[in-house]
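Chemist: Got a structure for you, written out below as structure tokens; questions coming shortly.
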Amino acid sequence: MTEELNGLLVVPRLYVQNANAVSSPLTWGFPAPSAFLGFVHALQRKLANINALNFLGVGIICHHFEPQTDQTDNRRTQLFKLTRNPLNKDGSSPAFVEEGRTHIEVSLVIGIKEYLDEDEGAELASDIYSLVQQQRLAGGTVWVSDKPRDKPLYLELADHAEGRISQFNKIKYTLLPGYALIGRDGLLQNHYTTLKHENDKITLLEAWLDLSRLSIAPVSDSSETVLDDNKPVKWQAKSKPGWLVPIPVGYQGISELFDAGSVQHSRDDQTPFRFVESVYSIGEWLSPHKVKDPLQLLWSYQYLPEYEQYRCINDFYR
């Protein structure tokens, strides 16, 4: 992808109201990377009638996150704020599916494959500014800022690494304050290997849960490694190598590929159908000024036919 990335389109400060906060059966919170990749893919398809472009990926920067939840009396359990549907004719409450919503403010950094001159870049930024207002992001309504500094911006990249990094430095500070979502698949694998040495029966799921949760462990006041029941201990939260979060990153096929239209009630009867389950990994929220190269920000699609896996990948590295 390094040789193909020739430009960046920065779409700053998108306000998304009532975005979907339940992106998998096991996680809730910020929308999954697939929601943003789908949003950018829809933009590319609409631009095909104006200017045929190839988007190579999207960087996700969050400036504000406001989940629509309320806490119970014990101040620990959070519940989603749900809408009340009108009563049925007989006065009973209709059945409804629980939906989690959140308000977010995000900036997107889109990788462009083609070379664009200054005029073409300005035209693209103008087209994008109009199109994003016509779409939904993660099921939420998109609002854009009318401030000149919050308008989309196109940046042409140099053909050498030093020039790319220098140009990227000019725009990444405009993404502050905020945090970029990056993938940490390698960190999950390393953590799994470490736990495997301690316990042979540990599973990758348990390693994922161990990185996802807040773990409280006893720490002895002395330098002894083995805790003594007769000596006082302190309970402390285990430190992590960053602001780590569990995220769904795609889907794993769990059935054969059925012919188009052969499965009843499928959304699309023109496309082959397969039953899938969510694929999970670990993500990290990182300040954009710590990202050295624009490629480290971009999320893109990956299809692994030998594993029947469809997932989102991010080429972040330290």
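The values are calculated or read from the model by the stated rules, or taken from the named source; none is laboratory data. All values reported here derive from a predicted model rather than from experimental measurement. Here Cβ is always computed from backbone atoms with ideal geometry, including for glycine, and neighbour counts include all displayed protein chains. Only protein heavy atoms, including side chains, enter the accessible area calculation; ligands, DNA and RNA are left aside. Shrake-Rupley method; radii C 1.70, N 1.55, O 1.52, S 1.80 Å.
Chemist: Under the rule a/c < 1.5 gives rounded, and otherwise a/b versus b/c splits prolate from oblate, where does the stretch 72-198 land using the Cα gyration tensor?
Modeler: The shape class here is oblate.
Chemist: Tell me the label-point distance for the pair LYS201, GLU114, using the 7 Å Cα-to-Cβ offset, in nm and rounded to one decimal.
Modeler: So the two model labels end up 5.9 nm from each other.
Chemist: How far, in nm, would the chain grow between ASP210 and TRP235 when pulled straight, counting 0.36 nm per residue and subtracting the alpha carbon separation?
Modeler: 7.3 nm
Chemist: Here is a follow-up. What FRET efficiency comes out for the pair SER266/VAL22, r = Cβ-Cβ distance, R0 = 22 Å, nearest 0.05?
Modeler: E between SER266 and VAL22, to the nearest 0.05, is 0.50.
Chemist: Provide the packing ranking of 77-85, 171-179, i.e. peptides ordered by the mean count of other C-beta atoms within 10 Å per residue, highest first.
Modeler: Ranked from most to least packed, the peptides come out as 171-179, 77-85.
Chemist: Per residue, how much accessible area does the chain show when a 1.4 Å probe rolls over the protein heavy atoms, in square angstrom?
Modeler: Normalised by residue count, the accessible surface of the chain is 60 Å².
Chemist: Quick one: which of LYS113/LYS172; LYS196/LYS290; LYS201/LYS234; LYS81/LYS290 span more than 27 angstrom between C-alpha atoms?
Modeler: Check vs 27 Å cut-off fails for LYS196/LYS290; LYS201/LYS234; LYS81/LYS290.
Chemist: Give the aspartates and glutamates whose C-alpha is closer than 14 Å to that of LYS170, dropping any in the same chain fewer than 8 places away, or say none.
Modeler: The reachable aspartates and glutamates, counting only those whose Cα sits under 14 Å from LYS170, are GLU156, GLU162, ASP293.
Chemist: Next question, about the same structure. Can you compute the charge dipole magnitude of the chain about its Cα centre, using +1 on each Lys and Arg Cβ and -1 on each Asp and Glu Cβ, nothing else charged? Give it in debye, rounded to the nearest 20.
Modeler: With only Lys, Arg, Asp and Glu charged at Cβ, the dipole is about 1020 debye.
Chemist: What are the ³J(HN,Hα) values, in whole Hz, obtained from phi via the Karplus relation 6.51 cos²θ - 1.76 cosθ + 1.60 with θ = phi - 60°, for each residue of the stretch 42-47 in sequence order, with x given for Gly and Pro?
Modeler: Here the 3J(HN,Hα) series is 5, 4, 4, 5, 6, 6 Hz.
Chemist: Here's something else I'd like to know. Scan (1) 22.8, 75; (2) 20.6, 66; (3) 23.0, 71 for the value of Rg and Dmax of the Cα atoms in Å calculated from this model and give just the label.
Modeler: Recomputing Rg and Dmax of the Cα atoms in Å here gives the entry labelled (1).
Chemist: Which value at 222 nm does the chain reach when only helices count, each DSSP H run of 4 or more adding -39,500 (n - 2.57), with the total divided by all residues and rounded to the nearest 500 deg cm²/dmol?
Modeler: Counting only the DSSP helices, I get -6500 deg cm²/dmol.
Chemist: How many percent of the accessible area of the chain is carbon or sulfur, using a 1.4 Å probe?
Modeler: The value for the chain is 51 percent carbon and sulfur by accessible area.
Chemist: Tell me whether the stretch 152-309 comes out rounded, prolate or oblate; compute the Cα gyration tensor, take square roots of the eigenvalues as a ≥ b ≥ c, and use a/c under 1.5 as the rounded threshold.
Modeler: oblate
Chemist: Expressed as a whole number of Å, what is the distance separating the alpha-carbon centroids of the stretch 233-307 and the stretch 202-216?
Modeler: The stretch 202-216 and the stretch 233-307 have Cα centres separated by 17 Å.
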